[in-house]
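Data block below; observations after.
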Amino acid sequence: QVDFSYVPNKPVLKHVDVYANPGQKIAFVGSTGAGKTTVTNLINRFYEIQGGTITCDGIDVKNIEKDSLRLSQGSVLQDTHLFTGTVMDNIRYGRLDATDDECIQAAKTANADAFIRRLPDGYQTVVTGDGANLSQGQRQLLAIARAAVKDPPVMILDEATSSIDTRTEQHIQQGMDALMEGRTVFVIAHRLSTVRNADCIVVIEHGEIMEKGSHTELLEEKGRYYQLYTGQFELD
């Protein structure tokens, strides 16, 4: 029953109910500005909510130290921020005590190892100015590797790959799939083809949940998800 607004009297989310069992994949779909990203920002407590409660393992997140809460969560977002330093350093940022071998293993999981080895100095290549010397797809793969080395039980993915070529997108999708294995995942879906295997699909419009259920259930309901799925495979 979560209510949230960034500014008073302009509700962004209204009475939102979402529940995830351990190991489940929950997908959020809906138009731009519907509130999908806001939901994920509240899971890791970037903002305080005005009504309702958010609990993790039955504990109100307000009673969990932010550092502890965020240690148990990893995220791969649309905007990837890289730092000046080597590729290895940028992966290790996910978990500062990770060994070189663990960082390389994480890169392999994320499908990033091959392109890293083709860089001028491999893992020791220096990334400049927020990754300006890498393509957008390469930056995204490094973000997945960073999340993989952290190895958290809960993962938040915003799988926006709209400006990436199909081949790179396949690499990213495979990396994302490896990352989701055995974890509780919240994914903001931009392509409906990626949510078919989710345990629960949540359709959000104007800050409210319109429908939720599995892919098959929602198609049978012939509601908003059915319209999105049959009329247009890509969400704006």
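The values are calculated or read from the model by the stated rules, or taken from the named source; none is laboratory data. As the structure is a prediction and not an experimental result, all values here were calculated from the model. We place every Cβ from the backbone using ideal geometry, glycine too, and count neighbours over all the protein chains shown. These area figures cover heavy atoms from the full protein model, side chains too; ligands, DNA and RNA do not enter into them. Shrake-Rupley method; radii C 1.70, N 1.55, O 1.52, S 1.80 Å.
Considering region 123-236, the qualifying strands (runs of 3 or more DSSP E), each wholly inside and each with 2 or more residues that are open to solvent by 50 Å² or more (accessible area, probe 1.4 Å), run over 208-213. Filtering region 78-114 to residues that are closer than 16 Å to Q138 by Cβ and small (G, A, S) leaves G85, A106, A107, A110, A112, A114.
Any chance region 5-17 includes a residue that's open to solvent by 30 Å² or more (accessible area, probe 1.4 Å), of a type in the set (A, V, I, L, M, F, W, C) and touching a residue at least 24 places away in the same chain (Cβ under 8 Å)? Yes, the conditions are met somewhere in region 5-17.
Scanning for something small (G, A, S) and closer than 21 Å to L42 by Cβ, does region 204-211 turn up at least one residue? Yes, region 204-211 contains a residue that is small (G, A, S) and closer than 21 Å to L42 by Cβ.
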